[in-house]
């Protein structure tokens, strides 16, 4: 059955959360997509998000060179969240860390799990 991006469940702003994960299972980041960015990602293989702050498309790595190449897109059971298995080049986080999830809460304290890459 052919996939239709409009078959997904988007929020009232037309957005769906998308979690980027590397092939080994490390969660890299979360961002938002709309039906057009989902279609563009599937068509080009370059992960394209929707920037809520800029109100425009954002091809991951277009300016930084830290690209995400789509390996596989997965849809959750409620069709309201995406999991993107990606080949990440360079850091995924704008803080220059491999993952945006670099802070843990342990015993009520924040612990930095990774430093920025040089």
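Which residue is surrounded by the most Cβ atoms within 10 Å (Cβ to Cβ), if the candidates are limited to region 1-35 and must be under 22 Å from residue 102 (Cα atoms) and without any contact (Cβ under 8 Å) to a residue 60 or more places away in the chain? Outline the logic, then answer.
Within region 1-35, the subset under 22 Å from residue 102 (Cα atoms) is 17-32.
Of the ones still in play, those that are also without any contact (Cβ under 8 Å) to a residue 60 or more places away in the chain are 24-25, 31-32.
On the way: 24: 6, 25: 7, 31: 23, 32: 19.
Among residues in region 1-35 that are under 22 Å from residue 102 (Cα atoms) and without any contact (Cβ under 8 Å) to a residue 60 or more places away in the chain, the one surrounded by the most Cβ atoms within 10 Å (Cβ to Cβ) is 31.
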| request: Inspect region 60-82 for any residue being under 22 Å from residue 101 (Cβ atoms), in a loop (DSSP other than H, G, I, E, B) and out of contact with any strand residue (DSSP E or B) (no Cβ under 9 Å at 6 or more places or on another chain) and give the result as yes or no. | output: yes
| note | Among the residues of region 52-69, the number that are within 16 Å of residue 17 (Cβ to Cβ) and at pLDDT 95 or above is 1
| Residue in region 91-102 that is closer than 25 Å to residue 44 by Cα, surrounded by fewer than 14 Cβ atoms within 10 Å (Cβ to Cβ) and over 11 Å from the mean Cα position of the chain (by Cα) present | yes
| field | Conditions (1) in contact with a strand residue (DSSP E or B) (Cβ under 7 Å, 6 or more places away or on another chain); (2) over 17 Å from residue 30 (Cα atoms); number of the one not met by residue 106 | value | (1)
| Among all residue pairs at least 6 apart or on different chains, which show Cβ distances below 6 Å where the first residue, located in region 66-94, is closer than 15 Å to residue 33 by Cβ and the second is assigned to a loop (DSSP other than H, G, I, E, B) and at pLDDT below 95? | 68/60
| said: Being surrounded by 14 or more Cβ atoms within 10 Å (Cβ to Cβ) and either within 13 Å of the chain's Cα centre (by Cα) or within 30 Å of residue 115 (Cβ to Cβ) (or both): is that true of residue 39 here? | reply: no
| query | On the given criteria, is residue 55 more than 20 Å from residue 8 (Cα to Cα) and in contact (Cβ under 8 Å) with a residue 40 or more places away in the chain? | reply | no
| message | Looking at (1) more than 29 Å from residue 103 (Cα to Cα); (2) part of a helix (DSSP H, G or I), which one does residue 38 not meet, given that it meets all the others? | response | (1)
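The values are calculated or read from the model by the stated rules, or taken from the named source; none is laboratory data. The structure presented is a predicted model; accordingly, all values stated were derived computationally and were not measured. With ideal geometry, Cβ positions are generated from the backbone for all residues, glycine too; neighbour counts draw on all protein chains shown.
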